[in-house]
Structures are given as C-alpha cells and as structure tokens.
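> Quick one: structure below, then a few questions.
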Amino acid sequence: MTVALELRQTIARAKRRDVAFVALGIAALLFAACTFVALFLDMVSDGAARLNGDFFTQFASRRAERAGILAAWVGSFAVMIVTALFAVPLGVSAGIYLEEYAPRNRMTALIEININNLAGVPSIVYGLLALGLFVHTFGLGASVLTAGLTLALLILPVVIVATREAIRSVPGAIREAAYALGATRWQMVQHHVLPYSMPGILTGVIIGLSRAIGETAPIVTIGAVSFIAFLPPPPISTEFPFLNADWLASPFTAMPIQIFSWTSRPEEAFQANASAAALVLVVMTLLMNAIAIWLRYRLRRNLNW
Amino acid sequence: MAASSPEVQIAGRLAYRPSRHLRERFIEAALLGAALVAVATTVGIVFILLRESIAFFREVSIVDFFTDSQWTPLFSDPHFGIWVLLSGTLTSSAIALAVAIPVGTVLAIYLSEFAKARTREIAKPILELLAGIPTIVFGYFALFFVTPLLKNFIPGLPGFNLLSAGLVMGVMIVPYISSISEDAMRAVPMALREGAYAMGATRLQVALHVVVPAAFSGIAAAYILGISRAVGETMIVAVAAGNQPNLTFNPMDQAATITAYIVQVAKGDLPHGSTGYLTIFAAGLTLFVLTLMFNLLGYWLRRRYREEY
C-alpha cells in the first residue's frame, strides 16, 4: 500500500515538473518576444516624430532638427549594390563547385574548413583586413568600393552555405536524367540544378544582404566618416560614355554609421534622430528577412519531389 | 550541310569537340577559383593581422603586452596591457552567456520537445527576426532603454556599464543558441524517445535524460558559437559599455572591450603606421586567436561527443 502511494506521488511530482517546464518554456519565449516589442516601441516612441519627408531628403546637420539621412540611405544602397555584385556570383559559384564538382580531397577539405571558420570570425576582423589590405595596400581609400568588398567577404559564407543547401535538395534523378540526354556537367547545372535551387539561393542572398546592411563595425573600421553632405556621383551621365564608375571611389556614409554617430552625441535631440534612423534600418532589415522567410515558406509548400 | 541525313547530323553533334571540353574545364576552373576566395580571405586576414602586429611588437615587448595592468596607448607614457581590454571583453561575454545559455537552452528544449507545431511555426520566425536586428540598434536599446531601466533597481549605476551591454548581448545571442540546439535535438531519432516513453518517462524526463545527452555535441557547439559571438560583438559594447579602458570584472563598471577599442581608434584619425594605429591590429590578432580557439574547441567537441545513429 505504501509502495503504491509512493509511486503515485513520484508520478504526480514528475508530471508537475512537466507543467512547470512548459511554463518556463513559455516564459522564455515571452521574454524574447517582449524584448522585441520593447525595442520596437522604444524606437517608435523616441523617433516616430522625426519621421517625415524631410528626414529622408536632408543631409546630416549640426542642428538636430534639420538633420536627415539622405547621404546615409543612398550610401547604404550603393554599398549594397557592390556587395551583391561581388558576393552573389562568388558565393553561388563556390557553392556550385563544392556540391557538384569538388572531388573528395585535401583541397576541398581545406576550402570547407575555411568557410566554416570564416563564418565564426568577428565582423570587426573583416574591417581590419579591409583597413590593412583594401585601404592601405591597394589604396582604395574609405570608398563605396572598399565597403562593398568588405561586406561581400563577410556574407560570402552565408551565401555559400545557402547555395549548397539549395543545391543539395535537388534530387539526384534530375541530374541523371540530364546526363542521360548527353548534357555536360555545366549544362546539367545551368539548365536543371540552378533553376530548381534559385528560390533557396535567393533566400540566402537576401538574409546575407540584410546582415550586411546592418553591419557597423567593419565599415567604421575602414574609416568611413559620419558627416557627409554630398551624394556619390550618379552612375549614369548625360555625356559619352553615359555610364561611369566614379561613385565606387566616392567617400560615403551609411545608415548604421549615421546611427552610431548620433548615438554618441550627448544632446537629446540627436537621440531622437538616432532612434528614427534606427527605426528605418530595422524596418529595412525586417522587411528583407520577412521576404526571405516568406520565400522559404512558399518554397517548402510548392516543391514536392 | 542541309543535304546531310539526320544520322550524320546527330553523329556530328555527339562527336568529341575539343572546344566543348575546353569550355567545361574553363568553367570548372572558374568555379574552383570562386571557392578559393574563402581560403584567400583567411590567408589575407592572418597575413594582415600578423604583418601589422609584428610591426607593433617591434616597438612593444610581448611580455608587457600580456602583463602590464594599464592600457594607455595614446598617452605620453604609453602602456600596452591587453588584459585591461580582455577583462572588459570577458566580463561582458560572461554576462551575455549567463542570459543566453539558460534562456536559449530552455527555449530549444521547449520548442523541440513540448511545443505544438503551430507554436513552433510562430516562434521560429520571431526568433529569426530577433536575430536579424542590426547590432547597432541593440546598442542603442542598451544605452537608452535598458540602462535607464536598470538604474531604477541599481542606484548609482553609471550611464555606461558592462551590465546592460552584456544583458542585451545575451538577448541577441539567444536565437543563435536556441536554433542550433533545437536542430541538434530534432535530429535525435524518434525511436530513442519512444523507448523512454515506453518505460514510463514523462516528457521532461525524456527531454533531459535522453534527448539532451544524445544531442550534446550539437548543443555544445551552439554554446561555443554563442561564446564566439559574444567575444567578437562590437557595436553593443561600443555604444553602451563606454570607451574607458578599465581593468575590472565588475559588471557595474564601465570598461572598453577589445572590439570597442578598435572601433574607437578606427573612428578617429590616426596616421597610418603610427603605434596607435598598430595597436588595433595587435588587439584584433588577440581577438582573432581567441575566437579561433573557441571555433576549434567547438569542432573538437563535436567530433569527440558525436553520437552516430
């Protein structure tokens, strides 16, 4: 009798612990969600008043109420173009090589170890690499090109890993069918593997770019300045040859740098600017992430091999 | 040509053509070249950090670098004791991990073993969005929201302090730890869980005594990645922990971390090649070696405790 009672109590205790853990789990989830909400509300309450048309079309100013983020968002946009132009072809090519071509040898192992390790290198170290190599050894200066290259290297592992995962999910039968029709390896990749893995690759690219647009440390390290009252020269001109690359060499500022510089100002009016700019940046990255999550969701629903 | 029979045309297409072969080889070489950019980046990082650090250690003795208790590189009587910056890095990282490891682990166990599919569908995107917030925004949040909040409970807390930077950093790392641990737990075969359920175990007993030990390698890797992130995190500490080099392990103090120091110096206008300029590379090398050690430890842990199914 007492044994049965004890057993029953033990079971009851174990079940109570189950319930307690669920409560703990929900508390942890709420903690994460509440932080997210607090962060958002804090920015809205401090910065929403500054968000008007002028804020987007004015340059930075010594007077907080006249300062805007024109140079910052144009700079961020220009840097992202360079980053995408380098990171996407390089990352996708490297991913294709590792999944479709690479033999199992030391060279491949070396490349894989490197990619894994690079994903864990702090972003500021990329900034130091860029400062020593691009700025001082190649003489590119603190330009749009330097920043774009730096961030491209930073997100390269993200793009490579996403490409590899997307390619891996394409079934082998597709490849065999292409080979059976006499396709070469590249024809097989180009006509079959790449189109099927495109949504997955796109998801990885967007996530990579959303990380790049918010990165502050590397571009502060290369020496980007926060006070810039001009835009990079436009890439299209009215004179022959109509296109020019001067904007690549132009000094620039970017959204995260602008926020950082306003955050370091003691005046409260600049804090409002910082939170308004932070709100814009967060909405930008959240939108990019939401697109990526939505893409992945659609991808999972539509593809049934 | 137009007169030739279909057989001849097909034979012509299938014939060995050196140009086609050459094209394939060229493409393969180009793809390999792209993959080698990763190797070149590592080589570049090591080369730049070593080159500038060697120049630095020509002027500053390596013994002083590790034993001096002051970090005043720009004073007329310069001292270069890296422990001053390391103490800030270690303290803020410890606070961050004290938040991120418990919360991240509980979340991972909850999402993998307890939550319904619907809850997971909602929770995972939220965590992903949290992970996608730029760190400068977290820094702003730490300085202008968390610090004033903490001041209500801890009177006399300075405006810049390691505590609020560390706490916010912890929240930032939670999604990394929870998502990697959860992936590891979900990879544990169902049969193991079913075996335990058949023995009369509750969900929590299955989670703690079967799933967590079986997924230990992945969970350990998640912790190591979290540590590596905390040590290398820059903007939160640069904004919220202050820029004053300070040999302290007290969370209520302000102190500069290695990363915050690099940002502070790089933001200013130091001439290329000066000792002040070189210090950021020596600090960067320390940081790189530290994170490399954690990455290798994670790799070793994963191999040592890997359970094969």
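The values are calculated or read from the model by the stated rules, or taken from the named source; none is laboratory data. On a predicted model such as this, the values are computed, not experimentally measured, just so you know. Every residue, glycine as well, gets a Cβ built from its backbone with ideal geometry; the counts of neighbours run over all protein chains shown.
> Among the candidates A:I155, A:I160, which residue alone is within 14 Å of another protein chain (Cβ to nearest Cβ), more than 20 Å from A:A217 (Cα to Cα), buried (at least 18 other Cβ atoms within 10 Å of the Cβ) and of a type outside the set (D, E)?
Residue meeting the stated conditions: A:I160.
> Tally up the residues in the range A:147-177 that are of a type in the set (A, V, I, L, M) and more than 24 Å from A:A72 (Cβ to Cβ), please.
Residues that pass the stated criteria total 11.
> Something else about it: Give the range A:100-117 a look and list any residue that's within 7 Å of chain B (Cβ to nearest Cβ), under 26 Å from the mean Cα position of the chain (by Cα) and either more than 13 Å from B:A40 (Cβ to Cβ) or crowded, with 19+ Cβ neighbours inside 10 Å (or both), or say none.
A:I111, A:N114, A:I115, A:N117
> For residues in the range B:93-151 being more than 8 Å from every other protein chain (Cβ to nearest Cβ) and in contact with a Pro (Cβ under 7 Å, 6 or more places away or on another chain), which is surrounded by the most Cβ atoms within 10 Å (Cβ to Cβ)?
B:I95
> Continuing with the same structure: Can you confirm whether the range B:112-120 contains a residue that is at pLDDT 90 or above, more than 27 Å from the chain's Cα centre (by Cα) and aromatic (F, W, Y)?
So far as the range B:112-120 goes, yes, one or more of its residues are at pLDDT 90 or above, more than 27 Å from the chain's Cα centre (by Cα) and aromatic (F, W, Y).
> Just to be sure before I move on: is A:T203 under 23 Å from A:I81 (Cβ atoms), within 23 Å of the chain's Cα centre (by Cα) and within 11 Å of another protein chain (Cβ to nearest Cβ) in the structure I sent?
Here the answer is no, as A:T203 does not meet what is asked.
> So, one more: I'd like the full set of residues that are in a helix (DSSP H, G or I) and farther than 20 Å from A:D18 by Cα, limited to the range B:182-213. I'd like the intermediate steps shown before the answer.
Taking the range B:182-213 and keeping what is in a helix (DSSP H, G or I), we get B:182-186, B:190-198, B:203-213.
Within the range B:182-213, B:D183, B:A184, B:A191 meet the criteria.
> From the list A:G95, A:G148, which residue is assigned to a helix (DSSP H, G or I), of a type outside the set (S, T, N, Q), within 11 Å of chain B (Cβ to nearest Cβ) and on the phi < 0 side of the Ramachandran plot?
Being assigned to a helix (DSSP H, G or I), of a type outside the set (S, T, N, Q), within 11 Å of chain B (Cβ to nearest Cβ) and on the phi < 0 side of the Ramachandran plot holds for just one of A:G95, A:G148, which is A:G95.
> Between a first residue in the range B:145-160 that is farther than 10 Å from B:M252 by Cα and a second residue that is outside any loop (DSSP other than H, G, I, E, B) and of a type in the set (G, A, S), which pairs have beta carbons less than 8 Å apart while being 6 or more apart in sequence or on different chains?
Once the first residue is farther than 10 Å from B:M252 by Cα and sits in the range B:145-160, its partners that are outside any loop (DSSP other than H, G, I, E, B) and of a type in the set (G, A, S) give B:F145/A:A38; B:V146/B:S164; B:V146/B:A240; B:T147/B:S164; B:T147/B:A240; B:L150/B:S164.
> Among the residues of the range A:42-55, which ones are at pLDDT 85 or above and closer than 13 Å to B:V137 by Cβ?
Residues of the range A:42-55 that are at pLDDT 85 or above, as a first pass: A:42-45.
Listed by number, the residues that qualify are A:D42, A:M43, A:V44.
> For the structure I just gave you, tell me whether B:T279 is part of a helix (DSSP H, G or I), more than 11 Å from chain A (Cβ to nearest Cβ) and either farther than 15 Å from B:L49 by Cβ or touching a residue at least 40 places away in the same chain (Cβ under 8 Å) (or both). Spell out how you get there, then give the answer.
Numbers: part of a helix (DSSP H, G or I): yes; more than 11 Å from chain A (Cβ to nearest Cβ): yes; either farther than 15 Å from B:L49 by Cβ or touching a residue at least 40 places away in the same chain (Cβ under 8 Å) (or both): yes.
Against the criterion (part of a helix (DSSP H, G or I), more than 11 Å from chain A (Cβ to nearest Cβ) and either farther than 15 Å from B:L49 by Cβ or touching a residue at least 40 places away in the same chain (Cβ under 8 Å) (or both)), B:T279 qualifies.
For every residue, the table says whether it meets (1) crowded, with 22+ Cβ neighbours inside 10 Å; (2) assigned to a helix (DSSP H, G or I).
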position: A:E176; (1), (2): no, yes
position: A:G182; (1), (2): no, no
position: A:I201; (1), (2): yes, yes
position: A:I207; (1), (2): yes, yes
position: A:A212; (1), (2): yes, yes
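> Which of the residues that make up the range B:113-143 are farther than 24 Å from B:A94 by Cβ and among the hydrophobic types (A, V, I, L, M, F, W, C)?
Residues satisfying the conditions are B:F114, B:A115, B:A117, B:I122, B:A123, B:I126, B:L129.
Listed here are the residues, each with its yes/no results for (1) buried (at least 20 other Cβ atoms within 10 Å of the Cβ); (2) free of Cβ contacts under 8 Å to residues at least 60 places away in the same chain.
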position	(1), (2)
B:V8	no, yes
B:A15	no, yes
B:D64	no, yes
B:L74	no, no
B:P78	no, no
B:L86	yes, no
